[in-house]
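Data block below; observations after.
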2 protein chains.
Amino acid sequence: MEKIEIKSERFDNMVEMIQKYGGCPVRATLKIIGGKWKPLILYFISVDVNRFGQLQRMMPDCSKRMMTVQLRELESDGLVHREIFAEVPPKVIYTLTTKGESLRPLFGELSRWGIQNVLEPQQIEPNNSGTSGELV
Amino acid sequence: MEKIEIKSERFDNMVEMIQKYGGCPVRATLKIIGGKWKPLILYFISVDVNRFGQLQRMMPDCSKRMMTVQLRELESDGLVHREIFAEVPPKVIYTLTTKGESLRPLFGELSRWGIQNVLEPQQIEPNNSGTSGELV
DNA sequence: AGCATTGGTAACAGTTTGGTAACTAGTAGA
DNA sequence: TCTACTAGTTACCAAACTGTTACCAATGCT
């Protein structure tokens, strides 16, 4: 039975945070943005592709059902706002909430890291193995 | 059939990136760090909790099998390095690779966003719904 | 009457991910 | 001889996530 001494100068003590909040904050974020189509949906809404049908045409591999499911989750997590117009045929527009907008810098970094470390293969280290296959 | 005009001043044209790399870079990153125990494992390794058994004692809810699975994926994705000592009883130590280290700032932001927007409930907006339940 | 339009649902099937419990090897110490 | 130690593996099961197909309503157009 050894005592583990954690050096916590870098990001400060995660164990305390987990106990305080009842969970890992990184994981909490990932649960919200981790849906297969969510990053892309958020991106498109952010550039004003804001109607259901438009989103579908931009992401033809995402089925209607998945589009609905993901949009509803984003809505209930407070990242997007759904406005319904009482017209026929129906009209619904999606916009980012403030919370949704606040993800921008994060997505910028996630994107940059992904390009540098996953999508661009020109690395000196012989690291061609790993999780591959379809990415979206 | 309408033409969709995307205003792309903010993060520049994602559609081009997806076509160039064959996938969404954000999603690519999330696939690598998204495993249930990966953020925590990476964190603990980063603070020198670097042996299998130590990791297990720090994360008692992660079973042996899951620990192995996640560690092997992290290894094959090039985020952690696994060094085996030919001793009895066996000794293996895990360390972050350069690629693994490069995740630090990203994890910092993911953590901050999670605390502010998910784990801390004190918000003015009445946004108490959403994905909840166990976080780790 | 018949078709197109938009923004969905419902029922179901398949895939991926996570979890449990039992078992392993080789050596040291009681 | 029996137990403990470390770092796993194997077989199997359950839950979560994603995908397919068919269907709906209200109106306008031909």
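The values are calculated or read from the model by the stated rules, or taken from the named source; none is laboratory data. This one's a predicted model, so the numbers in the text were calculated from it and none came from an experiment. All Cβ positions, even for glycine, are placed from backbone atoms using ideal geometry, and neighbour counts span all protein chains on display. Just the protein is used for accessible areas: all its heavy atoms, side chains included, with ligands, DNA and RNA removed. Shrake-Rupley method; radii C 1.70, N 1.55, O 1.52, S 1.80 Å.
Among the residues of the stretch A:73-81, are any in a helix (DSSP H, G or I), within 14 Å of A:Lys36 (Cα to Cα), more than 7 Å from DNA strand C (Cβ to nearest atom) and at pLDDT 95 or above?
Yes, there is a match, as at least one residue in the stretch A:73-81 is in a helix (DSSP H, G or I), within 14 Å of A:Lys36 (Cα to Cα), more than 7 Å from DNA strand C (Cβ to nearest atom) and at pLDDT 95 or above.
Pick from the stretch B:39-54 the residues that are facing another protein chain (nearest Cβ under 10 Å) and part of a helix (DSSP H, G or I): which of them is nearest to DNA strand D (Cβ to nearest atom)?
So, considering only residues that are facing another protein chain (nearest Cβ under 10 Å) and part of a helix (DSSP H, G or I), the one nearest to DNA strand D (Cβ to nearest atom) is B:Gly53.
Which condition from (1) within 9 Å of another protein chain (Cβ to nearest Cβ); (2) outside any loop (DSSP other than H, G, I, E, B); (3) modelled with pLDDT under 95 is the one that B:Thr29 breaks?
(3)
Part of a loop (DSSP other than H, G, I, E, B), near DNA strand C (Cβ under 10 Å from one of its atoms) and either open to solvent by 30 Å² or more (accessible area, probe 1.4 Å) or at pLDDT below 95 (or both): does that describe A:Pro121?
Considered against the rule, which asks whether it is part of a loop (DSSP other than H, G, I, E, B), near DNA strand C (Cβ under 10 Å from one of its atoms) and either open to solvent by 30 Å² or more (accessible area, probe 1.4 Å) or at pLDDT below 95 (or both), A:Pro121 comes out as no.
Looking only at the stretch A:91-107, decide whether some residue is hydroxyl-bearing (Ser, Thr, Tyr), at pLDDT 95 or above and within 12 Å of DNA strand D (Cβ to nearest atom).
no
State whether one or more residues within the stretch B:42-62 are buried (at least 22 other Cβ atoms within 10 Å of the Cβ) and within 12 Å of DNA strand C (Cβ to nearest atom).
no
Test each condition in (1) surrounded by fewer than 19 Cβ atoms within 10 Å (Cβ to Cβ); (2) modelled with pLDDT of 95 or more; (3) over 30 Å from B:Glu87 (Cβ atoms) for B:Gly22 and report the one that comes out false.
(2)
Could you check A:Lys36 against (1) at pLDDT 95 or above; (2) facing another protein chain (nearest Cβ under 7 Å); (3) assigned to a loop (DSSP other than H, G, I, E, B); (4) in contact with a helix residue (DSSP H, G or I) (Cβ under 8 Å, 6 or more places away or on another chain) and say which number it fails?
Going through (1) at pLDDT 95 or above; (2) facing another protein chain (nearest Cβ under 7 Å); (3) assigned to a loop (DSSP other than H, G, I, E, B); (4) in contact with a helix residue (DSSP H, G or I) (Cβ under 8 Å, 6 or more places away or on another chain) one by one, A:Lys36 breaks only (2).
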